[in-house]
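J.: Below is one structure. I have some questions about it.
The values are calculated or read from the model by the stated rules, or taken from the named source; none is laboratory data. Remember, predicted model here, so these are calculated numbers, not experimental data. Because the Cβ atoms are built from the backbone with ideal geometry, glycine has one as well, and the counts that use them run over all protein chains shown. Protein only, heavy atoms only, side chains kept; ligands, DNA and RNA dropped before computing areas. Shrake-Rupley method; radii C 1.70, N 1.55, O 1.52, S 1.80 Å.
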Amino acid sequence: MNLQRVEAALKDLKAPAFRLEQLRQAVFRQSRDSYEDISVWPESLRRSLSQAAPLLSANLAELRVSGDGRAHKALLRLSDGKLVETVLLRPSPTRWTTCISSQVGCAIGCTFCATGLMGLSRNLTPEEITDQVLFWRQYMKRESLPGNLDNVVYMGMGEPFACYEQTAASLRVLMDQKQFAIGARHISVSTSGLAPQIERFAEDFPQVNLALSLHAAEDGLRARLVPVNRAFPLGRLAQALKVYLSKTNRKVFVEYVLLEGENDGPSHAEALIGYFKGIGPCERLHVNLIVFNPTETPHRPSLESQARWFQQRLRKAGLPATLRQNLGRDIRGACGQLLVSRNQA
Ligand code: SAH
Ligand code: SF4
């Protein structure tokens with residue numbers, strides 16, 4: 001939903017100001033999914049608005065729920081027919097998180113990521129980004145899923161900093177008290193390392209969490225895995241991280257996908273430790289070691305014993321490190337598995 005468009009439509013219809021407030025209540029507090037359900041509105045107003053400003057900019061094309069019920073993946077069809085995936089996760093019985101997309105596909109082309117294989121089709125609009133949260137809130141209500149959805153991670157399809165303006169506009173809507181009212185600390189934006197935008201983000205959104213997908217602390221290897229490293233090598237990235245740490249009082253969450261025989265050995269752990277020592281105090285960093293989720297790429301996940309060893313090595317050096325097993329693998333809804341195949345698109 002685009003609130004400005006709704007406001008303009010209500011104005012054109014010369015509706016009194018309280019109609020907008022009623023709509024906000026219905027959409028953002030009660031998660032109503034159709035104008036028909038706004039019973040305090042006259043029938044004619046509901047009809048006019050549903051034509052002028054649809055509640056959702058996308059339609060559900062396909063839905064999958066994991067066997068344990070903790071991951072739900074939706075394929076959404078946008079107004080131009082393009083498709084995008086979005087995921088709802090239940091990391092603990094009382095918490096729900098949505099993993100949202102910022103682009104249809106992605107131009108960065110990380111070698112281990114399913115979305116990277118698609119290439120970039122287009123950026124999402126701010127409305128298409130925030131409508132994924134609206135979609136899941138409506139879904140939770142329809143399915144009577146208990147609890148609230150108030151955690152959002154920009155870790156779906158796309159590179160949010162490659163469409164910085166759209167991402168920034170969507171963050172403002174999510175945090176707006178009159179719209180989603182989601183706290184900045186409940187939102188995380190993940191980037192593959194676009195250094196100038198990291199610096200801008202520190203200035204614009206010092207309270208929103210930043211996650212950096214690092215995956216290697218040696219330029220040759222990182223450039224191979226995450227090709228954007230050629231434009232912003234590790235030295236430039238370190239500079240941006242220092243700016244971020246000095247301008248905010250937040251931690252940086254570092255994502256590191258463990259790939260067997262590629263980035264999970266002792267030399268890789270030492271390079272990572274050395275890199276961080278040159279950036280800032282260890283307590284301002286948190287390394288999330290991610291177990292690789294299989295995709296149509298030649299990589300293999302690290303052995304569990306190796307992943308545990310890697311984690312312990314970082315911890316011994318004073319770096320907080322956790323090992324993350326992703327939810328939703330059985331529905332291809334885990335990190336890096338989002339893909340719209342050619343026959344779907
Ligand atoms: N483009 C942004 C955000 C989306 S990707 C970024 O790269 O940060 C979200 C996370 O999933 C990133 O940390 C990414 O490195 C990770 N990821 C990608 N492919 C993966 C895979 N096959 N298994 C596990 N994690 C993966
Ligand atoms: Fe794009 Fe992130 Fe996938 Fe890399 S990991 S291809 S940046 S979505």
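J.: Would you be able to say whether some residue in segment 204-217 is within 14 Å of ligand 2 (Cβ to nearest atom), open to solvent by 10 Å² or more (accessible area, probe 1.4 Å) and within 16 Å of the chain's Cα centre (by Cα)?
T.: Yes, segment 204-217 contains at least one residue that is within 14 Å of ligand 2 (Cβ to nearest atom), open to solvent by 10 Å² or more (accessible area, probe 1.4 Å) and within 16 Å of the chain's Cα centre (by Cα).
J.: Let me ask another. Tell me the residue from ARG172, ARG185 that is charged (D, E, K, R), farther than 25 Å from ARG5 by Cα, away from ligand 1 (no atom under 16 Å from the Cβ) and not in a loop (DSSP other than H, G, I, E, B), please. Reasoning before the result, please.
T.: Details: ARG172 fails: farther than 25 Å from ARG5 by Cα.
Selected residue: ARG185, the only one of ARG172, ARG185 that is charged (D, E, K, R), farther than 25 Å from ARG5 by Cα, away from ligand 1 (no atom under 16 Å from the Cβ) and not in a loop (DSSP other than H, G, I, E, B).
J.: Here's something else I'd like to know. Check PRO281 against each of (1) within 16 Å of ligand 2 (Cβ to nearest atom); (2) out of contact with any strand residue (DSSP E or B) (no Cβ under 8 Å at 6 or more places or on another chain) and name the one condition it does not meet.
T.: (1)
J.: Take the residues of segment 284-307 that are part of a helix (DSSP H, G or I) and of a type outside the set (S, T, N, Q): which is most open to solvent (accessible area, probe 1.4 Å)? Please lay out each step first, then the result.
T.: If we filter segment 284-307 for residues that are part of a helix (DSSP H, G or I), which is where we start, we get 284, 304-307.
Filter again for of a type outside the set (S, T, N, Q), leaving 284, 304, 307.
Details: ARG284: 53, GLU304: 128, ALA307: 7 Å².
It comes out as GLU304.
J.: What are the residues in segment 120-171 that are among the aliphatic types (A, V, I, L, M), within 16 Å of ligand 2 (Cβ to nearest atom) and open to solvent by 20 Å² or more (accessible area, probe 1.4 Å), if any?
T.: Across segment 120-171, the qualifying residues are LEU120, VAL153, MET155, ALA162.
One line per residue, one yes/no per condition, for (1) open to solvent by 40 Å² or more (accessible area, probe 1.4 Å); (2) in contact with a Phe, Trp or Tyr (Cβ under 6 Å, 6 or more places away or on another chain); (3) farther than 24 Å from GLY119 by Cβ; (4) small (Gly, Ala, Ser):
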residue	(1), (2), (3), (4)
LEU23	no, no, yes, no
GLU36	yes, no, yes, no
ALA53	no, no, yes, yes
ALA58	no, no, no, yes
LEU78	no, no, no, no
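J.: A follow-up question, please. For ASP176, are the conditions met, namely being in the same structural domain as ASN229 (by TED's automatic domain parsing), among the acidic types (Asp, Glu) and in contact with a strand residue (DSSP E or B) (Cβ under 9 Å, 6 or more places away or on another chain)?
T.: No; evaluated as a whole, the condition is false for this residue.
J.: Can you confirm whether segment 108-119 contains a residue that is farther than 30 Å from GLU21 by Cβ, surrounded by fewer than 22 Cβ atoms within 10 Å (Cβ to Cβ), assigned by TED's automatic domain parsing to the domain that holds GLU296 and free of Cβ contacts under 8 Å to residues at least 40 places away in the same chain?
T.: yes
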